[in-house]
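Notes follow the structure.
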Amino acid sequence: MKIKFITKLDEIKELTEQERFKLKEVVKTFLFYANEYYLSLIDWNNPADPIKQVIIPHPGELEEHGSLDPSNEKDYTIFPGLQHKYRTTAVFLISNNCFGFCRYCFRKRIFKKEHIEVLQDLSEALNYVKNHKEITNILLTGGDALALSTSKLENIIKQLRKIEHIQIIRLGTRALSYYPHRVINDPSLLEILKKYSTDGKKIYVMTHFVHPKEITPLAIQAINQLLKAGVILTNQAPLLNGINDDPEILAELFRKLSFIGVPPYYIFQCRPAVGNKPYTVPLEKGYEIFEQAKAKVSGLAKRARFVMSHASGKIEIVGKTKEHVYFKYLQAANDADYGRFLVFKRNPNAYWFDHYNEMVAAHP
């Protein structure tokens with residue numbers, strides 16, 4: 001089945017002329033990209049439909065907010081397309097294409113012509129990894145790892161499997177939610193995943209479902225094919241205003257994912273990227289939503305952690321009291337910060353770690 005990809009709002013007949021007019025300036029500033037399959041999930045009779053919020057531009061994207069590189073990825077870029085922020089993990093940006101453009105994308109910069117950050121020289125990246133034996137994990141992402149052709153993807157995976165100390169290869173993708181046909185219609189993709197996801201060295205597919213409506217029969221079919229190919233799946237998603245910032249919705253997402261063999265991994269605080277203002281939820285409110293959702297599900301469905309991908313590391317929000325909020329570094333750019341526990345005075349208006357100024361304690 002061939003799916004049409006859509007790059008102009010004029011192609012979406014369900015949008016009114018008034019809506020198109022309101023969004024004219026937004027699409028001049030930020031990319032719009034969708035496909036027929038994902039648009040078919042929208043209930044056009046519901047103005048607040050969550051799938052519509054994910055893919056259709058919002059006038060609030062033009063509000064002044066954040067930066068193009070909210071996690072300072074440039075500071076950890078060895079050369080274009082290779083990042084090494086955490087000791088055991090390297091990131092290869094192998095694609096600047098996706099199957100749809102998330103309005104809340106934190107890497108909007110890579111879709112701009114003046115920003116060339118996608119990996120150009122695979123051999124250079126492989127040599128870097130070979131010379132850094134502390135690296136055991138490689139994350140292939142972009143953009144979307146599965147937006148790369150199967151032959152090019154196989155070449156990368158094949159070369160990485162020749163490096164003895166690389167144990168885990170992760171593929172970051174939104175294909176299962178945006179375009180499950182990518183998996184269903186390409187047996188050769190499943191063959192290479194089965195070949196290189198070995199008994200001792202697994203390939204992980206990091207899915208990106210943000211709402212239960214995305215878990216369709218086609219998505220489940222694609223997931224089952226990946227599981228049969230020996231791939232490990234796990235899901236990560238941001239907490240998003242108007243999309244999944246409701247304990248019932250988030251709990252349903254956790255439940256459905258656990259039922260189909262895709263355990264929740266991370267729920268991210270929406271990064272303060274340019275254009276993301278309409279999608280952000282205050283951090284402490286987000287923590288409450290997250291905990292209320294976990295209270296509604298079984299143990300296998302409550303494995304997610306609520307985190308921020310901050311410039312200094314991956315920071316988990318672990319609790320709050322009437323006066324304080326508690327953080328812990330799960331990953332850190334500076335080895336000395338690993339496991340560091342931080343206590344700050346609460347700030348209900350905070351959207352990011354940088355909005356906390358009054359530290360009460362830090363351990364160790």
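The values are calculated or read from the model by the stated rules, or taken from the named source; none is laboratory data. As the structure is a computational prediction, the values presented were derived from the model and not from experiment. Glycine also receives a Cβ, built like all others from the backbone with ideal geometry; neighbour counts cover every protein chain displayed.
Looking across the range 312-332, the residues that are in a loop (DSSP other than H, G, I, E, B) and out of contact with any helix residue (DSSP H, G or I) (no Cβ under 7 Å at 6 or more places or on another chain) come down to T321, K322, E323. Restricting attention to the range 76-103, which residues are in contact with a Leu (Cβ under 6 Å, 6 or more places away or on another chain) and over 25 Å from I157 (Cβ atoms)? Across the range 76-103, the qualifying residue is only F101.
Within the range 12-65, the set of residues being of a type in the set (F, W, Y), closer than 21 Å to F99 by Cα and assigned to a helix (DSSP H, G or I) comprises Y37, Y38. Exactly one residue out of Y287, Y351 is in a loop (DSSP other than H, G, I, E, B), in contact (Cβ under 8 Å) with a residue 24 or more places away in the chain, among the aromatic types (F, W, Y) and surrounded by 17 or more Cβ atoms within 10 Å (Cβ to Cβ): that is Y351.
The numbered conditions (1) more than 23 Å from F353 (Cα to Cα); (2) assigned to a loop (DSSP other than H, G, I, E, B) are all true for Y104 except (1).
Here I166 does not fit the description of being touching a residue at least 60 places away in the same chain (Cβ under 8 Å), buried (at least 19 other Cβ atoms within 10 Å of the Cβ) and assigned to a loop (DSSP other than H, G, I, E, B).
Yes/no matrix, rows are residues, columns are (1) at pLDDT below 95; (2) among the acidic types (D, E); (3) on the phi > 0 side of the Ramachandran plot:
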| position | (1), (2), (3) |
| --- | --- |
| N45 | no, no, no |
| E61 | no, yes, no |
| L68 | yes, no, no |
| D75 | no, yes, no |
| Q83 | no, no, no |
| F92 | no, no, no |
| C105 | no, no, no |
| K113 | yes, no, no |
| I116 | yes, no, no |
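Sub-7 Å Cβ pairs linking a first residue in the range 269-281 that is of a type in the set (S, T, Y) to a second residue that is not in a strand (DSSP E or B), at least 6 apart or interchain, are Y279/R103; Y279/Y104; Y279/L240; Y279/N241; Y279/C270; T280/N241; T280/C270; T280/Y351, ordered by first then second residue.
Note on the range 135-163: residues that are free of Cβ contacts under 8 Å to residues at least 60 places away in the same chain and assigned to a helix (DSSP H, G or I) amount to 14. Across the range 292-310, the number of residues qualifying as assigned to a helix (DSSP H, G or I) and closer than 13 Å to D245 by Cβ comes to 2.
Going by the structure shown, is V343 farther than 22 Å from S67 by Cβ, assigned to a strand (DSSP E or B) and out of contact with any His (no Cβ under 8 Å at 6 or more places or on another chain)? No, not satisfied.
Filter the range 98-156 down to residues that are touching a helix residue (DSSP H, G or I) at 6+ places or on another chain (Cβ under 7 Å) and among the acidic types (D, E) and give me whichever is surrounded by the fewest Cβ atoms within 10 Å (Cβ to Cβ). The residue in question is E154. Going through (1) assigned to a loop (DSSP other than H, G, I, E, B); (2) crowded, with 18+ Cβ neighbours inside 10 Å; (3) of a type in the set (D, E) one by one, D199 falls short only on (2).
Close Cβ contacts (under 7 Å, 6 or more residues apart or on different chains) running from residues in the range 183-206 that are of a type in the set (G, A, S) to residues that are in a helix (DSSP H, G or I) and at pLDDT 95 or above comprise S188/T150. Scanning the range 98-134 for residues that are polar (S, T, N, Q) and either in contact (Cβ under 8 Å) with a residue 60 or more places away in the chain or farther than 25 Å from A273 by Cβ (or both) yields S123, N127, N131. Among residues belonging to the range 334-362 that are among the small types (G, A, S) and more than 20 Å from P272 (Cα to Cα), point out the one that is nearest to the chain's Cα centre (by Cα). Checking each candidate, the answer is G339. Against the list (1) touching a strand residue (DSSP E or B) at 6+ places or on another chain (Cβ under 9 Å); (2) buried (at least 18 other Cβ atoms within 10 Å of the Cβ), the condition V54 fails is (1). Within the range 219-232, one or more residues are assigned to a helix (DSSP H, G or I), among the hydrophobic types (A, V, I, L, M, F, W, C) and surrounded by fewer than 18 Cβ atoms within 10 Å (Cβ to Cβ).
Entry remark, the range 66-86: residues being part of a strand (DSSP E or B) and touching a residue at least 40 places away in the same chain (Cβ under 8 Å) number 8 in total.
Among the residues making up the range 279-314, those that are within 20 Å of T234 (Cα to Cα) and touching a Gly at 6+ places or on another chain (Cβ under 9 Å) are E291, F306.
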